[in-house]
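First the structure, in the form of structure tokens, and then the observations on it.
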Amino acid sequence: MMLEVPVVVTDACGIADYLEDGKDAVVVKADSSDELKEEILKLIDNADLRNSVAKAGFKTAQKQFTVNKMVERYCDLIGSKNV
């Protein structure tokens with residue numbers, strides 16, 4: 001995502017809850033190779049979709065998945081105030 005490449009994740013992926021299907025990523029059902037194939041082909045065939053998902057994904061990654069943000073979340077998880 002940080003490289004402005006559209007990503008496809010499963011709904012079982014840890015970051016899926018932070019993503020919006022069709023906007024900043026493509027989220028497919030876990031264990032569904034048919035859906036995975038279909039969504040990858042959509043991205044290959046549709047440059048507008050591919051580019052919009054890539055650009056929105058980059059923005060989401062900048063907001064949600066920086067090192068500082070991840071450390072902050074881990075600290076919240078363990079109850080530490082030291083970042």
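Residue by residue, here is whether (1) assigned to a loop (DSSP other than H, G, I, E, B); (2) without any contact (Cβ under 8 Å) to a residue 12 or more places away in the chain holds:
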site	(1), (2)
4	yes, no
14	yes, yes
23	yes, no
26	no, no
38	no, yes
43	no, no
59	no, no
62	no, no
Next item on the list: Assess whether residue 32 counts as being hydroxyl-bearing (Ser, Thr, Tyr), at pLDDT 95 or above and in contact with a Pro (Cβ under 9 Å, 6 or more places away or on another chain).
Entry: no
Note to self: So, residue 80, is that one part of a helix (DSSP H, G or I) and polar (S, T, N, Q) or not?
What the structure shows: no
Notebook entry, point to check: Just to be sure, is residue 56 modelled with pLDDT of 95 or more, surrounded by 13 or more Cβ atoms within 10 Å (Cβ to Cβ), in contact with a helix residue (DSSP H, G or I) (Cβ under 9 Å, 6 or more places away or on another chain) and not acidic (Asp, Glu)?
Noted result: no
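The values are calculated or read from the model by the stated rules, or taken from the named source; none is laboratory data. All of these numbers come straight from a predicted model, not from anything done at the bench. Cβ sites come from the backbone with ideal geometry, for glycine too, and all protein chains shown count toward neighbours.
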